[in-house]
Amino acid sequence: MKMTVMPEDRPKPPLAVYLVGILGIFPLIGAIVGLVLLILGIAAYRSWKLIVIGAVGILWTVALYATLFYIGFFSVWGRRGFASIAKQQLTNTAHELEFYKIEYGDYPDSLEQLLKKDRIVFIADPTQFSFKKSVDFQYVHLGDHYTLFSVGIDGIPHTSDDIFPVIPPDTGRIHYGWIKP
């Protein structure tokens, strides 16, 4: 007795399903559409074309966001964008240092002491992003004064690209202990 295998009746995907794949060029939307087309290509239509179109949509989104992440955090252009953020955070940290002195009578020995009072203060230098460990702002307590700055884009202290907080002029009523290094 001879066994015959019946041909599989699988539906052919309509043209509209393939045209939806055009949305794959748009990041994030392309990943969602790509996932849907991938599932349809495997489960419903068993079409390698839909599987490829879906995978390309997903891979395009992943590649684009990975590139943007790399440029944003590891390139010189991305770190330049963090310079203005660093200046604002340094200014806020200088204010917190002054509040700390009013509360305790002296400046802290390290910036980590500011974090112990549940204060919202950023001490990590945003221009020096690293997965290994965060690099804090440069801070030195000098009696009634202190120095506070960011090492800037090059990561080397005491160069021309160092970033300093914006300290208002001494009015006699309010005195900041910050001195430029």
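Readers should treat all values here as calculations from the given coordinates under stated rules, not as data from a laboratory. Only a predicted model underlies this, so the values are computations on that prediction, with no experimental measurement involved. With ideal geometry, Cβ positions are generated from the backbone for all residues, glycine too; neighbour counts draw on all protein chains shown.
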Output wanted: per-residue J couplings in Hz (rounded whole) for region 36-48, from phi through Karplus 6.51 cos²θ - 1.76 cosθ + 1.60, θ = phi - 60°, x for Gly and Pro. 5, 5, 5, 5, 4, x, 7, 8, 8, 9, 6, 10, 5
Of region 119-154, those with amide N under 18 Å from the point 7 Å along the Cα→Cβ vector of Asp109 are 139-147
Could you check which residue among Gln113, Gln128, Gln89 shows the biggest mean-square fluctuation in a GNM of the chain with a 10 Å Cα cutoff? Gln113
Charge sum, other residues only, whose C-beta stays under 13 Å from Leu50's C-beta, Lys/Arg counted +1 and Asp/Glu -1: +4
Computed [θ] at 222 nm, helices only, for the chain once each DSSP H run of length n ≥ 4 contributes -39500 (n - 2.57): -14000 deg cm²/dmol
Amide H proximity to Trp178 below 5 Å, modelled H, separation 5+ or other chain, gives Tyr146
Expressed in angstrom, Rg and Dmax over the Cα atoms of region 15-74 are 12.5, 43
Spherically averaged projected area of region 81-181 from its Cα convex hull (nm²): 6.8
Cut-off 10 angstrom, C-alpha nodes, Gaussian network model of the chain. Which of Phe149, Phe137, Phe129 fluctuates the most? Phe129
Relative contact order, percent, region 65-181 [alpha-carbon distance under 8 Å, six or more residues apart]: 26
What residues have an amide H closer than 5 Å to that of Asp136, excluding those fewer than 5 places away on the same chain, when H is modeled at 1.01 Å from N in the peptide plane? Asp125
Taking the Cβ of Pro126 as the centre, find all other residues whose Cβ is under 15 Å away and add up their charges (Lys, Arg: +1; Asp, Glu: -1). -1
Taking a spot 7 Å from the Cα of Thr91 along the direction of its beta carbon, which residues of region 139-181 have an amide N less than 11 Å from it? 165-168
